[in-house]
Structures are given as C-alpha cells and as structure tokens.
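The values are calculated or read from the model by the stated rules, or taken from the named source; none is laboratory data. Remember, predicted model here, so these are calculated numbers, not experimental data. In this analysis, Cβ positions are derived from the backbone assuming ideal geometry, glycine residues included, and neighbour counts consider all displayed protein chains.
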Number of protein chains: 2
Amino acid sequence: MVRNMKTDESNNNENFVKNRSKILTNRSDLTTFFEPRSVAIIGAVKSVWFGGLVILENLKNLGYNGKVYLVNPSYPEVNGIKVYPSVKEIPDKVDLAIIITSSKAVPRIVKDCAEKGVEGAVIVADGFAERDQEGARLQQEIVDISKKRGIRLLGPNTIGVVNPYSGLITTPYPLGYKSIRKGHVALAAQTGIIGAQAFPFEELHYGISKICDFSNKCDVNETDLLEYLEDDSETKVIAIHIEDIRDGLRFIRVAKRVVKKKPILIYKPGKTSESKKALASHTGSIAGDQKIYEAAFRQAGLIQVDSFLELFQTAKAFGYQPLPKGNRLGIITITGGAAIMAIDTAVEWGLELGKLSQESNERLFEIHPTMVGNPSDIGPAMPAIQDPIAPYKTALEVFSEDKNVDCMLITFYAFPGVNPELYVNLLKETAGAKEKPVVVWIYGPSNEEANKIYSTLEAADYPAYFSIEMAVKALGAMYQYTQIKSKLIN
Amino acid sequence: MVRNMKTDESNNNENFVKNRSKILTNRSDLTTFFEPRSVAIIGAVKSVWFGGLVILENLKNLGYNGKVYLVNPSYPEVNGIKVYPSVKEIPDKVDLAIIITSSKAVPRIVKDCAEKGVEGAVIVADGFAERDQEGARLQQEIVDISKKRGIRLLGPNTIGVVNPYSGLITTPYPLGYKSIRKGHVALAAQTGIIGAQAFPFEELHYGISKICDFSNKCDVNETDLLEYLEDDSETKVIAIHIEDIRDGLRFIRVAKRVVKKKPILIYKPGKTSESKKALASHTGSIAGDQKIYEAAFRQAGLIQVDSFLELFQTAKAFGYQPLPKGNRLGIITITGGAAIMAIDTAVEWGLELGKLSQESNERLFEIHPTMVGNPSDIGPAMPAIQDPIAPYKTALEVFSEDKNVDCMLITFYAFPGVNPELYVNLLKETAGAKEKPVVVWIYGPSNEEANKIYSTLEAADYPAYFSIEMAVKALGAMYQYTQIKSKLIN
C-alpha cells in the first residue's frame, strides 16, 4: 500500500513544482533532502515513542505532501500499512530514505538505496564516529559508498530535516503538536536540539523555512546547506550552529557570497579546552582555535552570537521585521530600571540612543512629563491619566515618526485581564512602525497572560521576548547586518 | 472599622512575635518595613487597577496577618470600609504607612505620620528626584522631616516590600495571583521590576524571604537592607540590583561582614556612558566608574552577575540546594551538543568537568556505551534499552556517589505525556543527590509539559531552568561562594 499524504492546499503543490525546478540552478543541491516527492522510512517501525512509526506519525501531522513507504524485512505490515522487505522492492521512485536501524545495518541499506536510485539518505541511526572506532569505520564505509554511487548522506546521528512548506519531517521523537508555522528562518545545527522535538514550535509561532541537523556530517555539511539556502526563496535569514568546519576555505568563500543576499547568524561553542575535548566525543570534531574561527567569521560578514538561545531568538527578528537603516534605538518603557539594563546591551551591540526632536518631546510632554526623552517612560503616565493604552499610542507614533530613531524596543506589560489584541493593534495601526524594526519585551505577573501576548505578537510578525537583553540583541544583530550589507555591496 | 487580616496559621503569629524581638539586635532596623503589626494605606483608594484599593486587595490575597487602615480626607468609606481623614485619626498604633498620593501632598503626610508615631513609610508616590527640580526639592523636604522626626522612609517611587511570611505587600498593581511561596531568597532592587507585579511568583514557586525596592532611596538604602537581612533567619541568600551606591565605604564594610554569613549576588547596570545618562534621570543616580564598583564588589566577596534575569535565576539555587564542596561539575545529558554549550559556561564560571572513577564508568557502560564519561550522554541509551527512565537513575546514582563530582547538571526532557513526578522522584530517591547541589535544564516540544516539570521540581527545591547556560551559572555562582567563604573564614 502506498500512503499518500497530500494536503488539500493546492498552493503547496504549486510551490513544490516551482521549487523542484531550482535543482538546475543550485550549486550544492540538497533539493532531495528538503523537497522529496517520496520518502522511505527504513528500520524500526514498532515503538510508539521513538523510531520509524513516530516519523510516520509526524509526517502525517505536519501534512507531508509526498508519498511515504515503510521498509523492514522483519514484518510485512504495521498498523495496516504495507512494509517492504527492502527499499529495492518499492515499485515507485524514492527520492529520500530515512534510515533508523542499528549502525551495522546501515552500509548495506545505503548500498540498496543507491542501487534503487534514491538521491539522498537521512541517517538517523547512531553508533558511528561519535561512538567508537568500529563506528568510525562504519561511517567511513558509508562515505565510500556515497562517493562511489552518488547518493548524498545527512548525518549519521541526526534528527534530520524539517520543511514546513511541504510538511517534511524526519525526527524520530513524538512532538505532541501538529504544525510548524511557515516562515523565513532557516535553522541549522550540528546537534538535534534545533529540531521540532526540542522546541514548542507550534506554541511559539516561530516562522521556519527549513531546519537541518548535520550532526556527524559525514557528507552533507554547513557549506552545502548555505549553497542550497542561498537560492531558497522562503529563507530570509540563516541561523547556524556549528562545532567545527572541515573545509574552512570553501565555507568562508560561500558564506561571503550568501551574506550579500541574506544574513547568516552563527554560534560556535568550544571556547575552552574542556569543551573541545567534549566536542571530539560528540561528533568526532576537531575544534581548532576559537579565535581563528571568530576572525574568519567576522571577515566573511557572519553575525556571531554567544549562545544557542541567542541564535534562536535573534534570528526570528530578521524573519519578521525590516532592517534598521541606522543604529539609533528608541526605547518605550514602563519601567526606568529595565530601560537602563537594555541600554548597556544596546551599546555592546553597536546601537545608540536616538535623540528625539524638540517636536517629539513636546508631543510626549503633552501626555505626561516622564514620557519626554529616550527612553520614554510611560509607566507613571498610565495611572496619572487613568489610561494604560493612550501613552503607548502616542509614544509609538512619536518614535515611529521621529527621523532620529531607526529601530524600537517597546515593553508590554502582561497585567491581569489584558487583551493581547490591544497591543498588536497598537503596533499594526502605527503606520511608521512598519518601516522601522520593532521588538517587544513582555513582562508581568502571569505566565498565561504573558504567553497570550507573546503568541498574538509572534503570529502578527512582531518578535517578542521575555528577556529585555535578548530583545535588544535582536535589534543589534539586525543593525550589524545593515552595516555588513552596505560594506559588501558598496 | 478596623480590617483585620489575620490568617489561621498560628505559626505565622509565632514567627511574627519571635522576629519582632530581633529589633534589639539589628544594627540598621528595618523591622517596621518587613514585619509591621499594622499598616495605613494613605491616598488614592478608588481605582481598581492601580493604587490603595489594589494594595488592600493584595494584602488580603497574601493573607497579611496585621491590621490595615485606609486614609483619605476625600471620602468617609470605600466598599464598606472606614476611611480615616488623616493618619492621626486612627485610634490604634500604626507601624507602617504606605503613601500613594500626589508628590506635593507627601511632606504633609510624612509629618502627620511622624506625629502619629508611625515608624516607617513606604512612599509609593512618584514625581520626586526622578522627575524634575521641583520633585528633587520635595524629596529633600521629606528627607529633612525623616531626619528630624526619626521616621524612616523607603522610596519614593517604589513598589515597596513583600514579606510572604507575614503576607505583607505594598505593590499598587493587581497581581492576578494569591500567594508567594515562603522561601529563602531576599530580592532587592533599585527598580520595581523585582516586585510581585513583575514576575509570576506563584507559578514559579520561587521561594522568597523578602522583596525590597529602594528606587530613589532617599533614606533606606541597600546597606540598611543588608544589615537587616544579616540576621533575618528566613534569608539564606541576598540578590541585589543597584544603580548606584551613595555611601560606598559603609556598603563594602557591611557587605564584607554579611558575606561571612550568607552569599550576596549583585547586578549593577550602567557600564556605558549612555546607560549612565539614563540612570541619572531614572532615580537621580550618579553612577560612577563601573570598574571601581566591580573591583570593590570583588574585594568585598560579592558575586557579580551580568543581567537581571541572571540575578533572579542564580539566586534561587542558593535558596534550595547545598553548596558544592568543590568545582568539579558532572553533566548528565540527553544531547551531546547541549552539554558542550554548558561546558563553555561552566569553565567561564570556574567549574571544571569531574573525571569519573573507573568504577563509575564501568557502571555506566553496563547500561549503554554512550553513557561512559562526563558528560554522560544518556540520549542514545533511552531508545536502545527501550526505557527513558532507567538510564537517568543509574547516571544520577553514579554521579552522586563518585567522589570526583561536586555538583550536577541534569537534563530533563519534556516529552509529550511525561509524568513530572517521575523526574522529581528520581532526584529525591537518589541519596547522594542530597549532599551535592543539582540543577536541572528542561527542554522539549511542549510549553505545558515543560512548565509542569518546572513547577514540580521547584516546589520540591530543585532549581529548574529553560536555559542550560543559566543552570550552569547557578552552580558556578554557588562554587564562587564556596571559595569566598573559605577565604573569609580561614
């Protein structure tokens, strides 16, 4: 039996056909990994909390629009679905294999796939170079097959890829949710914690274009991905975590080219000798000197961040908001103390406080004296004029219109009973706010209210943060790219 | 009418009486601010979303065990509660006044309070030195009254204090929740974002001993608070945010003394000239040179952190867990990539990876080869042995018992349908885990599951984090204190 998971969205199919045509123009072609028309899940398909059956369920939940086949020689069917004894027995073309077996079985399966004409394989199976000598030998064996037969390999030891535009997902863990928002951030990492099983993507409304976990990267690596994403029309920003780079010159050359088209954010752990030792046993990486990496990244125009959460959180602002034209930050706050914390971070990231015009300050003064200046503190105005929303409205209008402000940080307070739509509408209805990037810091006494505001903002393309420093870093990273771009293009 | 909010908990009253006796031993006596037997709320009591009526409601919700009086000359009662025209008309003794009026009215009211014999006043009202020249003049006026009449002042422009042990709270914002867990962390700041209106304390199960917002600190300051907390038996750790220190020598002298008894964590923004300018208009502070501050803090044995969230998040580990005896960290992870990120942070904070004994590694190997070593990666073991809990159990036992490990970071995965009790029981049932501090990093695809694990852990005194770096910083801060203490006492 052939499982067909095509969705009703005809748009999906159109995009799908359109994207397939890019195969001709891509330098390093990973189309088969992100836009396969059919996949075969090869290996364990019985456990309900890990493995092939979970992948099948995830594909169904995300509405994968291609064909899915199961392969396992041990049984002829599972849950009424036909299981083929070998990938070679599948009567139709298979674009992508997902292999989740013991490591020992993988070389034989990769060979079968190559013979069948499968273009790429995601090797979810672990127990390769990250494990021991025998694993390293097995890894070399599949690399040799890959080179000889032309089949491309992702992993091993990977959760693979996600493409919310086609519903493709290869993670073998249950998600507990059913959708990932189609968006513009490509997340890539040399670890599975970038995956759909690691973040509540549905609740976050985080807009994804592609997710890719390289892990052991025996074949497909970060540079291949950059080349693929360079021309991926859904991707506006690339956020990448790497533990090592094996062909540094090629990476830098390609990155320099890609950065002219879209920003690349990068996080590389391994600063200390202790973490370098751990890297070696994680993915078999040899980390090299962190300072050399950092200098090379800077030279290539990459934006460097300091933690995985920073990578994740700064990237989304690029996916939602326009770039700032300059570095002059405007802060609308309801607490003076927090604004000061934000300023330290802003300056570290190259931003400065915009100096409001005389006219702007006069308009703010009309509402309440504490609102004058930048940061504009609307906190005392709210009780003073008995209105929690009007001060926001004026401040947003003033900052949006003032030519001395390039980007804005606004604080939304999650007070009990607040209607999140109020906040979103404030932003939507302020015309000037569309041309300057806005980030939001949310704080307040209730997780529930705060989460509601967060969701509503993110769904409307306003990046929201529970850490004020992170909110500012996002603007700082965007400003860095404004500078990088102007240097590279001029 | 006198509103009496005594709760049924007789323990509360016993503690209350016991604590009052400390008045004789405290060097700088803030007892009246944290343990008043009666309070008068003076000023606006009509608005339902800000002001005196909200304070009344908050006191009721938190079960304040003293008497509460309302004062306002404009009306004789509100919601059936008598409103006195002046504090002087209240027939009983008033320990603490909470003043929330226009700034102009404050000097007169402070004078009335002093005449009535009120010992302290929390000045929630704003519009003082943080506003303008006239405000600065008014502030000086109340300082003069305070000095002359002996009444102590907190603020102005403050959300004041919280003491969950007596149910005292002075914040004029609605909270939307009804309890703050009694615990051992004293939070203090020169801003209101430390307050009960700013964090979902109830949901977090964050154990608080006292909260104090100095804001303009026209009288009561950080050093006074340190002296009070030095002998406060509920406080095990002091987490303090300051924008400036006006009597640096006294602060350092007192801090040095207090640090011998309990750790002090400190966060001071104002690193940049831009933030220093903003400081001046926030609380009228003159920030001074950050490097001089940092050197003085180091010399006094304070533990310095880099952000407000870091202050908040590292402090709780001290409130829950024992101090580590040394700096050797053990990491139990389910993702190799995340462990590497943790190591970089650990080394920055003075920790190193403990080298497991031969016996420990043998025990880990019996479960699964990837578990050998530190970090111990139990991720691949779970599907391999078809059991998500057994690898945790063995790893926790091994790390707890191994003499080469002083503190532990463990990762809990919030997979769909997980029972949070499983995780808490794992920790509780591992005898060795009681003598070494443990912090937990939680990650997974569902906020709901993750939050459930978080709550269950925190309620059982295991500090939980959604950022792996923050989890490690908490252990690093604890190790710093182990070192500080041994230097100071030896």
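Of all residues in the range A:67-87, exactly one satisfies the criterion of being among the aromatic types (Phe, Trp, Tyr) and in a loop (DSSP other than H, G, I, E, B), namely A:Tyr75.
Condition (residue is under 32 Å from the mean Cα position of the chain (by Cα) and away from chain A (no Cβ under 14 Å)) applied to the range B:367-385: is it met by at least one residue? No: the range B:367-385 contains no residue that is under 32 Å from the mean Cα position of the chain (by Cα) and away from chain A (no Cβ under 14 Å). Of all residues in the range A:206-231, which are away from chain B (no Cβ under 13 Å), within 13 Å of the chain's Cα centre (by Cα) and surrounded by fewer than 24 Cβ atoms within 10 Å (Cβ to Cβ)? The answer is A:Gly207, and nothing else.
Just one of the listed residues (B:Val110, B:Val118, B:Val87, B:Val78) is closer than 15 Å to B:Asn216 by Cβ and either among the β-branched types (Val, Ile, Thr) or over 28 Å from the mean Cα position of the chain (by Cα) (or both), namely B:Val110.
For the range B:298-347: of the residues being basic (Lys, Arg) and more than 15 Å from the chain's Cα centre (by Cα), which is surrounded by the most Cβ atoms within 10 Å (Cβ to Cβ)?
The selected residue is B:Arg328.
Any residue that is in contact with a strand residue (DSSP E or B) (Cβ under 6 Å, 6 or more places away or on another chain), within 14 Å of another protein chain (Cβ to nearest Cβ) and part of a loop (DSSP other than H, G, I, E, B) - is there at least one of those in the range A:123-134? Within the range A:123-134, one or more residues are in contact with a strand residue (DSSP E or B) (Cβ under 6 Å, 6 or more places away or on another chain), within 14 Å of another protein chain (Cβ to nearest Cβ) and part of a loop (DSSP other than H, G, I, E, B).
Here are B:Leu329, B:Leu364, B:Leu302, B:Leu323: which of them is touching an Asp or Glu at 6+ places or on another chain (Cβ under 9 Å) and modelled with pLDDT of 95 or more? The unique qualifying residue is B:Leu329. If you take the residues of the range B:438-490 that are among the polar types (S, T, N, Q) and more than 14 Å from chain A (Cβ to nearest Cβ), which of them is farthest from A:Phe312 (Cα to Cα)? Here the residue is B:Asn490.
Residues of the range B:109-122 being charged (D, E, K, R) and either within 14 Å of chain A (Cβ to nearest Cβ) or within 13 Å of B:Leu154 (Cα to Cα) (or both), which ones? Listed by number, the list holds a single entry, B:Glu119.
The residue that is nearest to the other protein chains (Cβ to nearest Cβ), among those in the range A:172-205 that are in contact with a strand residue (DSSP E or B) (Cβ under 7 Å, 6 or more places away or on another chain) and either assigned to a loop (DSSP other than H, G, I, E, B) or among the acidic types (Asp, Glu) (or both), is A:Thr191.
For A:Ile264, indicate whether it is surrounded by 24 or more Cβ atoms within 10 Å (Cβ to Cβ) and β-branched (Val, Ile, Thr). Taking the combined requirement at face value, the residue satisfies it.
A single entry from A:Pro420, A:Pro416 fulfils the requirement of being within 11 Å of chain B (Cβ to nearest Cβ) and modelled with pLDDT under 95: A:Pro416. For beta carbons closer than 6 Å, sequence separation of 6+ or different chains, a first residue in the range A:70-95 that is assigned by TED's automatic domain parsing to the domain that holds A:Val45 and a second that is assigned to a loop (DSSP other than H, G, I, E, B) and among the β-branched types (Val, Ile, Thr), the qualifying pairs are A:Leu70/A:Val45; A:Asn72/A:Val45; A:Val78/A:Val45; A:Tyr84/A:Ile90; A:Val94/A:Val118. Enumerate the helices (runs of 4 or more DSSP H) found wholly within the range B:288-364, keeping only those where 2 or more residues are touching a residue at least 40 places away in the same chain (Cβ under 8 Å) and facing chain A (nearest Cβ under 9 Å). In the range B:288-364, the matching helices (runs of 4 or more DSSP H) lie at B:308-320, B:336-348.
When every residue of the range A:44-66 is checked against the conditions, none turns out to be on the phi > 0 side of the Ramachandran plot, assigned to a strand (DSSP E or B) and at pLDDT below 95. Quick check: anything in the range A:258-265 of a type outside the set (D, E, K, R), assigned to a strand (DSSP E or B) and closer than 28 Å to A:Lys485 by Cα? Within the range A:258-265, one or more residues are of a type outside the set (D, E, K, R), assigned to a strand (DSSP E or B) and closer than 28 Å to A:Lys485 by Cα. Highlighted here are the helices (runs of 4 or more DSSP H) found entirely within the range B:383-490 that include at least 1 residues which are free of Cβ contacts under 8 Å to residues at least 24 places away in the same chain and over 30 Å from A:Ser179 (Cα atoms): B:390-401, B:420-428, B:468-489.
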